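Q: Have a look at the structure that comes next, please.
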Amino acid sequence: MLSKRIIACLDVRDGNLAKSIKFVNTKDIGDPVEKAREYYEDGLDELVFYDITASSDKRDIMIDVVESVASQIFIPFSVGGGIRSVPDATKLRLAGAEKINVNSAAVKDPELITRCSKAIGAQSTVLSMDVLQVEKSDAIPSGYEIVINGGRTPMGIDALAWAKRGEALGAGELVVNSIDADGTREGYEITLTRMIAEAVNIPVIASGGAGKPEHLYEVLTDGQADAALIASMVHYGEYTVSQLKKYLHQRGIKIRLKY
């Protein structure tokens, strides 16, 4: 059995670490470079960096901030936001990103997943999905819809179908982010995460809603996630990465401990 992973998420806006609740009321809360180094030194497994306004602003990602973060950590580093082409992905890899995350652009141009996967490898191509719970319908039979542009634009695409298609197109990993749970610190969207984890054969990262250690345990067991993404609970100093990993280890989860 592979070890479960704890992944910290840095949402970055205008070079600052930012946090929102359900994708609204975004506030700047610190320096992403300082936080990246702090989490790395505390035993973090992986770091994800999202330029959260690159797609909606129709601009390229802030490559200088990516380079600054990459210089401070020596763990897998994944970057997303504004990636619209293979050259975009390649530029980020050269800036220090081990993986690239495609989201809005891939929904508009699904073959982008295949092109990136062929160019940099499936293991380095991550499909991020922002998902909103809606009424079930013929178009959305799962009751979960894909939303793009930082939660601003519903697409009428069923999340479960999109996850399966993303895998078929060459994504090596999925980030499943629940907009309903995002920033609430009330727990992950277990039903959504488990539904997708059971339907694909690639790793699934649960995102949105982590507020206490029990939430991580729940999504890694009942939710069948391969990794849990965290943000607010460490950004605001309520828990440390090492505390969370020790808790999971004590609950019987296979996890990499620093000491």
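Rule-based calculations on the coordinates, nothing more; no lab input. Note that the coordinates shown come from a computational prediction; the quantities given were computed from them, not determined experimentally. Note that each Cβ is placed from the backbone with ideal geometry, even for glycine, and that neighbours are counted across all protein chains shown.
Q: Let me make sure I get this right: for the chain, a, b and c are the square roots of the gyration tensor eigenvalues over alpha carbons, sorted descending. Under 1.5 in a/c it's rounded, otherwise prolate if a/b > b/c, else oblate. Which is it?
A: On the way: a/c = 1.36, a/b = 1.09, b/c = 1.25.
Cα axes put the chain in the rounded bin.
Q: Could I have the simple spin-label model distance between Arg165 and Ala199, label points 7 Å from Cα toward Cβ, reported in nm to one decimal?
A: 1.1
Q: Springs between alpha-carbon atoms under 10 Å, Gaussian network over the chain: tell me which of Ile146, Ile190, Ile230 tops the mean-square fluctuations.
A: The residue with the greatest mean-square fluctuation here is Ile190.
Q: If the chain between Lys212 and Glu34 were fully stretched, how many nm would it gain, using 0.36 nm times the residue separation less the Cα-Cα distance?
A: 61.8 nm
Q: Ok, one more. Out of all DSSP beta bridges in the chain, what portion is antiparallel? Express it as a percent rounded to 5. Write down the numbers at each step before the final one.
A: Numbers: 13 of 46 bridges.
Counting only bridges with both partners in the chain, antiparallel ones make up about 30 percent.
Q: HN-Hα J couplings of the range 230-244 from phi, Karplus 6.51/-1.76/1.60, θ = phi - 60°, integer Hz, Gly and Pro as x?
A: Residue by residue, the range 230-244 yields 10, 8, 3, 5, 9, 4, 8, x, 6, 9, 10, 4, 5, 4, 5 Hz.
Q: Once phi is turned into ³J(HN,Hα) by the Karplus curve 6.51 cos²θ - 1.76 cosθ + 1.60 with θ = phi - 60°, what whole-Hz value does each residue of the range 177-192 show in order, with x for glycine and proline?
A: Along the range 177-192, the couplings run 9, 7, 5, 4, 8, 3, x, 7, 6, 10, x, 5, 7, 5, 4, 4 Hz.
Q: Another question, if that's okay. Under a Cβ-only charge scheme (Lys and Arg +1, Asp and Glu -1), can you give me the dipole magnitude of the range 126-252 about the Cα centre, in debye to the nearest 20? List each step's numbers first, then the result.
A: On the way: 10 positive and 17 negative charges, 76 e Å.
Dipole of the range 126-252, to the nearest 20 debye: 360 debye.
Q: Check the straight Cα-Cα distances from Lys108 and name the aspartates and glutamates below 15 Å, setting aside those fewer than 8 residues away within the same chain.
A: Within the straight-line cut-off, Lys108 pairs with Asp130, Glu145, Asp158.
Q: Hey, for a label at Val86 modelled as a point 7 Å past Cα toward Cβ, could you say which residues of the range 147-180 have their backbone N under 15 Å away?
A: Only 170 pass the distance filter.
Q: Further, regarding this structure: Quickly estimate the mean residue ellipticity at 222 nm for the chain, helices only: each DSSP H run with n ≥ 4 gives -39500 (n - 2.57), and the total goes over all residues, rounded to 500. Before the final figure, lay out each step's value.
A: Numbers: 10 runs with 86 residues, N = 259.
Result for the chain, helices only: -9000 deg cm²/dmol.
Q: Quote to one decimal, in nm, the extra length available between Arg256 and Ile75 on full extension: 0.36 nm per residue of separation minus the C-alpha distance between them. Write out the running numbers ahead of the final one.
A: Working: separation 181, 0.36 × 181 = 65.16 nm, distance 1.26 nm.
In short, 63.9 nm is gained.
Q: Would you mind getting me the FRET efficiency between Ser3 and Glu41? Use the beta-carbon distance for r and R0 = 25 Å, nearest 0.05. List each step's numbers first, then the result.
A: Details: r = 19 Å, r/R0 = 0.77.
E(calc), rounded to 0.05, equals 0.80.
Q: So which residue, out of Val241, Val79, Val134, gets the largest mean-square fluctuation from a GNM of the chain using Cα contacts under 10 Å as springs?
A: Val134
Q: Pick from Tyr217, Tyr39, Tyr247 the residue whose mean-square fluctuation is largest in a GNM of the chain, springs joining Cα atoms under 10 Å.
A: Tyr247
Q: Calculate, in nm to one decimal, what Gln123 and Glu238 gain on full extension: separation in residues at 0.36 nm each, minus their alpha carbon distance.
A: 38.2 nm
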